[in-house]
1. I'd like the full set of residues that are among the polar types (S, T, N, Q), under 16 Å from Q56 (Cβ atoms) and in contact with a Phe, Trp or Tyr (Cβ under 9 Å, 6 or more places away or on another chain), limited to region 74-112.
2. Could you tell me whether any residue of region 10-17 is without any contact (Cβ under 8 Å) to a residue 60 or more places away in the chain, part of a loop (DSSP other than H, G, I, E, B) and not small (G, A, S)?
3. Report, by residue number, each residue of region 99-115 that is more than 15 Å from P27 (Cβ to Cβ) and hydrophobic (A, V, I, L, M, F, W, C).
4. Take residues that are surrounded by fewer than 18 Cβ atoms within 10 Å (Cβ to Cβ), within 11 Å of the chain's Cα centre (by Cα) and touching a residue at least 40 places away in the same chain (Cβ under 8 Å) and tell me which of the strands (runs of 3 or more DSSP E) falling wholly in region 19-108 contain 1 or more.
Amino acid sequence: MKKFLIIFIAAILVGFAGYFAFIYYVPYSEGYRSGELIKFSRKGVLVKTWEGQISQGLSGTNVFSFSVEDSEKEIVEKMKEFQGQYIKVTYKERYATFFWLGDTKYFITEVKSEKSPIFRN
């Protein structure tokens, strides 16, 4: 009975580790979005995460919400710098997320400033 219990607990632990690895490392999709960065903030009560929104239309009706992992210090600094500007982001979408990573399934992996196609200077 003791051997069965040890094997059962080991199987559960391997299952949790496999689930975590799959959710974290296997992206559901990868892509690009562009628009005006209208919100970027660090929020949460127990666990703080970086969350933001990009407006993809004139009236702000099409909003793309995203998260940035804490380990991406360069992206966080660029987001702070680009607040209110037109940007292009590269993202990966995960099957699910964990509360300590972010609120959304979309995680930014790269960001750069772009010229707005709507407002030409």
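None of the figures in this text is laboratory data; all of them are computed from the coordinates on show. None of these values were measured; they are calculated from a predicted model. Please note: Cβ atoms are built from the backbone with ideal geometry, for glycine as well, and neighbour counts cover all protein chains shown.
1. Taking region 74-112 as the starting set, the residues that turn out to be among the polar types (S, T, N, Q) are 83, 85, 90, 97, 104, 109.
Still in the running and under 16 Å from Q56 (Cβ atoms): 85, 90, 104.
If the condition is that a residue be among the polar types (S, T, N, Q), under 16 Å from Q56 (Cβ atoms) and in contact with a Phe, Trp or Tyr (Cβ under 9 Å, 6 or more places away or on another chain), then T90, T104 are the ones that fit.
2. To start, the set of residues in region 10-17 that are without any contact (Cβ under 8 Å) to a residue 60 or more places away in the chain comprises 10-17.
From what's left, part of a loop (DSSP other than H, G, I, E, B): none.
Looking through region 10-17, none of the residues is without any contact (Cβ under 8 Å) to a residue 60 or more places away in the chain, part of a loop (DSSP other than H, G, I, E, B) and not small (G, A, S).
3. Filtering region 99-115 for residues more than 15 Å from P27 (Cβ to Cβ) gives 99-100, 103, 111-115.
Passing the criteria: F99, W100, V111.
4. Values: elements: 27-43, 49-55, 63-68, 86-94.
So the answer is 63-68, 86-94.
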